[in-house]
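Below is one structure, written out as structure tokens, with a few remarks after it.
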Amino acid sequence: MNNLRRKTLAAASAVTLGAGLAVTGGLAPAAAAGPETSYLVLAPQGATTGKAAARVAAADGTVVAAYDQIGVLVARSTNPDFAARVAGAGVESVASTAGLGTALDEGETVEVSAAQAADATGDPTKEPLYGQQWDMDMIHVPQAHAVTTGRPDVVVGVLDSGISSTHPDLATQIAKDKSTSCVGGVTDTTEAAWNPTNSDHGTHVAGTIAAAINGVGVTGVAPGVKVAAVKVVNDDGYIFPEAAVCGFLWAADHGMRLTNNSYYIDPWELNCRNDARQRPVWQAVQRAIRYSQSKGVLNVASAGNSNYDLAHKITDTGSPNNGTPEDRENLTNACLDLPAEAPGVVTVAAVGPTGAKSYYSSYGQGVIDVTAPGGDTRFRTQGARSTSTDGILSTTFNTVTRTNGWGYKQGTSMSGPHATGVAALALSAHPGMTPGQLSSFLERTATAQPCLVGVYNPVPLIPTGPNAYDATCSGGARNGFYGAGVVDAYTAVK
């Protein structure tokens, strides 16, 4: 499994699981100190974290974040035997998150120069660069904006690499009072903390959702709503499970109605609940997602960029990514792509300018809920070379020069925020929907896309070489490539 979402948020090494040993009497003497390591410590479902916190302290650990809402602690310790020593009464499971980060590697970004931006001749009633936003016309954003551009009380949490608070298309769009860094599983609400450090991925995503109509640059799908930066990517470019858990809970407890998630959690692209190494991560993330849903949050996630059939998981031979890959065969549906396949999460695939499935987009009958523009710079038609402008144009931030701009990216990381933006418009036009109602509404208002659009099989999407592969669409009006269809902003607000 390969390609672009791995080139947006790729994976790292394996989980080290605590031994789960029962402890009687006193704890053994502390071992010699090792490197400080972070752990997820889970209390039994529905239990308080008091006993777990006491065991953390007794095992030479420190609780750095307590998520009592879901019975999860983030702890740190230099004791190499911490996982074994903390296990016992009051602790359901424990996992080290050392090496568990998912690396942020976005691949190529094609920037629009300042001169090009100044000379752009897009529709002046919209934005100067709007003429290059083919994606907005595809999902009927201009027609939707005639009804509503969105309500400012609808806040979208962008769980990502941070948002540039100085970008001219975003400065007025950010709910600063609801923004935070969740790096390390601990919140930091200072503005510097939630601004981008080494990636503009979150800035690009935020622009697709809510870039302002202000006569500058581009427009977002829902420029009337607000976005909140929920930074989950650390300074080294990694996202760790504790940061994602923190992000879901922060959004839930700060009045956000939607979150956008363009990453996967764990060093394994497929996280198997029946694998003892991975189960604690699954449990913690699932608890966080369920809690956010109970608070009225709909979570939207990218399907992935591996051109992988998520409905037929057989093998995963490319994980973990930063070590020696293991050949995991005969996998079952107990193995999921998180958070995209968590129950209740809207899973979004990608299409290019022709409406065909993007060459990289993962798919799967019964897994993909909807699809949206994500760009496709490889094939405009079968065998024909495309250009960078067949990607998605949005806001950028150069982390070297620390300057704002606009540029093209592609991936399901880009299709996700289109769906999120449409959901934000729908909530603005039809307030009061629960997450389940909104998810269903997003599907019912999508434009059905038959399998005949974008069936590349038997022509390989990558024609030759060791990475050549095909993709086969299955299903009828609702199918494995497009789910219920391409999201439609106008239909959602009518």
TODO: Evaluate the distance, in nm, between pseudo-label points positioned 7 Å from the Cα of D68 and of Q143 along their respective Cα→Cβ axes.
DONE: 5.1 nm
Open item on the list: Using the Kirkwood radius over C-alpha pairs as Rh, can you work out the diffusion coefficient of segment 126-183 via Stokes-Einstein at 25 °C, viscosity 0.890 mPa s, in µm² per second?
Closed with: 178 µm²/s
Open item on the list: Quick one: 3J(HN,Hα) in Hz for segment 243-258, Karplus 6.51/-1.76/1.60 with θ = phi - 60°, rounded, Gly and Pro as x.
Closed with: 5, 5, 4, 4, x, 4, 6, 4, 4, 5, 8, 10, x, 7, 9, 9
TODO: Beyond 24 Å, what share of the Cα-Cα pairs of segment 138-283 is found? Please give it as a whole percent.
DONE: 33 percent
Task: R378-T166 pseudo-label distance in nm [points 7 Å out on the Cα-to-Cβ vector] - done: 3.7 nm
Task: Fully extended contour minus Cα-Cα distance, from A448 to K176, at 0.36 nm per residue - done: 94.2 nm
Task: FRET efficiency estimate (nearest 0.05) - Cβ-Cβ, T389 to T472, R0 25 angstrom - done: 0.30
- [ ] Would you mind counting up the charge near T189? Only other residues with Cβ under 10 Å from its Cβ, with Lys and Arg at +1 and Asp and Glu at -1.
- [x] -1
Task: Accessible area of segment 176-227 divided out per residue, in Å², using a probe of 1.4 angstrom - done: 27 Å²
Open item on the list: From the phi angles alone, apply the Karplus equation (6.51, -1.76, 1.60; θ = phi - 60°) to segment 410-420 and give each ³J(HN,Hα) in whole Hz, x where the residue is Gly or Pro.
Closed with: 9, x, 5, 4, 8, 6, x, x, 5, 5, 5
Task: Label-point separation, S440 to D236 (7 Å along Cα→Cβ), nm - done: 4.6 nm
- [ ] Show me 204-214, 402-412 ranked by packing, highest mean number of other Cβ atoms within 10 Å first.
- [x] 204-214, 402-412
Task: FRET efficiency, T401 to V186 (Cβ-Cβ, R0 45 Å, nearest 0.05) - done: 0.90
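The values are calculated or read from the model by the stated rules, or taken from the named source; none is laboratory data. Keep in mind that what you see is a predicted model, and the values were worked out from it rather than measured. Positions of Cβ are backbone-derived with ideal geometry, glycine not excepted, and every protein chain shown enters the neighbour counts. The area values use the complete protein model at the heavy-atom level, side chains included, leaving out ligands, DNA and RNA. Shrake-Rupley method; radii C 1.70, N 1.55, O 1.52, S 1.80 Å.
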